[in-house]
Amino acid sequence: MHITELNRECLLHLFSFLDKESRRSLSLTCLLLREVFLDAALWPVLSFHSPCELKRDNFVLGSSLRYLSVCWHSSRVKVCNIEDWMKTMFQKDICRKHETLVSDFLSKVCNRCPNLLSLTLSGCGHITDRDVARVLQSCAGLRCLRLENCVRVTDEALRAVVAYGHSLQTVQVDFCRNVTRAGLQRIQDRRPSIHLSAERSADMIPDIKQEEKVPFGRTLQKLLQYS
């Protein structure tokens, strides 16, 4: 029996054993397999290991998506986490090439994936509180939100958790230096049913605007953090 003689359910099952790139390659062999590749039911889980992977056409966003993760572990993450006013022109150029990728991708998720249950973002230094709030508003059934080393996430994102995260059961904001104890306490007070984790976040040094006067000791500590 040729593979194209299998029914749709069997083909979806076979595709499920392949990674994203292998699925795409197989889908280019004939129209039938392309249709299987484009079936939203094939894509309940998506995992990416860098923002650049979000630009590829080897996956499908649809209503079947339940679990999504974008986890970037690279030396470039350190560059993204430097405050804009401290970056060199070379560092700014590095960020300029990818700074909107995750935010633009999350906008598509908001429009196409209303049934998302779990979102993990790690090392995504350019996502903002607004991005988090939009996901919470668009994906009302979201149960798990994990944010790690996302430097632009602040207490505003935690306010969005309280306001829009009605289905949330687990929230992690680990190593997010602009999250404060007051913001974490707000979640604990208003949404005590949420299992909250915030490893190191409220203990890290928050960003200080350039025009603010910063004690020399804190300035030195900040510089050593990125050396």
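One table, with the values for the structure above:
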{"read-out": "Accessible-area composition of region 116-164, carbon plus sulfur, in percent [1.4 Å probe]", "value": "43"}
{"read-out": "Size-normalised alpha-carbon gyration radius of the chain, reference 2.2 N^0.38 Å", "value": "1.17"}
{"read-out": "In region 65-109, trypsin sites (Lys or Arg not before Pro) in a DSSP loop with at most 11 other beta-carbon atoms within 10 Å", "value": "Lys97"}
{"read-out": "HN-Hα J in Hz across region 96-107 - Karplus 6.51, -1.76, 1.60, θ = phi - 60°, x for Gly and Pro", "value": "4, 6, 9, 5, 9, 4, 5, 4, 5, 5, 5, 4"}
{"read-out": "Spin-label model distance (nm) - Asn7 vs Trp85, 7 Å beyond Cα toward Cβ", "value": "6.5"}
{"read-out": "Fluctuation leader among Ala157, Ala182, Ala198 - the chain, Gaussian network, Cα springs under 10 angstrom", "value": "Ala182"}
{"read-out": "Radius 14 Å from Cβ of Asn115, net charge of other residues (Lys, Arg +1; Asp, Glu -1)", "value": "+3"}
{"read-out": "Formal net charge of residues neighbouring Val77 (Cβ-Cβ distance under 15 Å; K, R +1; D, E -1)", "value": "+1"}
{"read-out": "Cβ-defined net charge surrounding Asp19, 15 Å radius [Lys, Arg +1; Asp, Glu -1]", "value": "+1"}
{"read-out": "For the chain, built as a Gaussian network whose Cα springs stay under 10 Å, the top-fluctuating residue of Ile94, Ile205, Ile187", "value": "Ile94"}
{"read-out": "Distance in nm between pseudo-label sites at Asp104 and Glu156 (7 Å out along the Cβ direction from Cα)", "value": "2.2"}
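The values are calculated or read from the model by the stated rules, or taken from the named source; none is laboratory data. Please read these numbers as outputs of a predicted model, since none were measured by experiment. Cβ atoms come from the backbone with ideal geometry, glycine included; neighbour counts cover every protein chain shown. Side chains are part of the model used for accessible areas, which takes the heavy atoms of the whole protein and leaves out ligands, DNA and RNA. Shrake-Rupley method; radii C 1.70, N 1.55, O 1.52, S 1.80 Å.
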